[in-house]
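The values are calculated or read from the model by the stated rules, or taken from the named source; none is laboratory data. Please read these numbers as outputs of a predicted model, since none were measured by experiment. Surface areas here come from the heavy atoms of the whole protein model, side chains and all, with no ligands, DNA or RNA. Shrake-Rupley method; radii C 1.70, N 1.55, O 1.52, S 1.80 Å.
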Amino acid sequence: MLEKLIAQIVEETVKITLQNLSISKQESGNATMDTKQLSKYINMSVPWIYQNLHMIPHKKIGKKKLAFNRIEIDEFMEQRSGKKESIKAMPDKVNSKKAMNCKYKVV
């Protein structure tokens with residue numbers, strides 16, 4: 001009888017612990033990132049992020065601070081990977097402007 005009670009307590013404790021772990025895992029999946037964290041997460045430079053901000057899902061906090069939702073970024077990356085042009089292959093705005101202003105064309 002005592003063994004059944006101990007087994008029941010252990011089983012309930014394990015269920016509660018697993019539920020807590022899954023909840024904390026879901027909460028960490030919703031974590032927001034700043035620009036530096038995003039650059040490490042997607043393996044791109046901070047200037048690249050600012051130059052391509054128009055297509056990256058983000059939210060402004062105040063006047064200058066940006067927040068990026070990890071789930072939205074994952075969805076964005078999945079959408080981009082399905083297209084011919086991956087996120088890394090997209091032209092850099094600064095470099096393309098410099099190329100347009102150049103006097104000589106490379107053939």
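In summary, K97 fulfils each of the numbered conditions (1) among the charged types (D, E, K, R); (2) at pLDDT below 90; (3) open to solvent by less than 100 Å² (accessible area, probe 1.4 Å) with the single exception of condition (3).
Only a single item in (1) in a helix (DSSP H, G or I); (2) open to solvent by less than 70 Å² (accessible area, probe 1.4 Å); (3) at pLDDT below 90; (4) not aliphatic (A, V, I, L, M) is not met by S39, and it is number (3).
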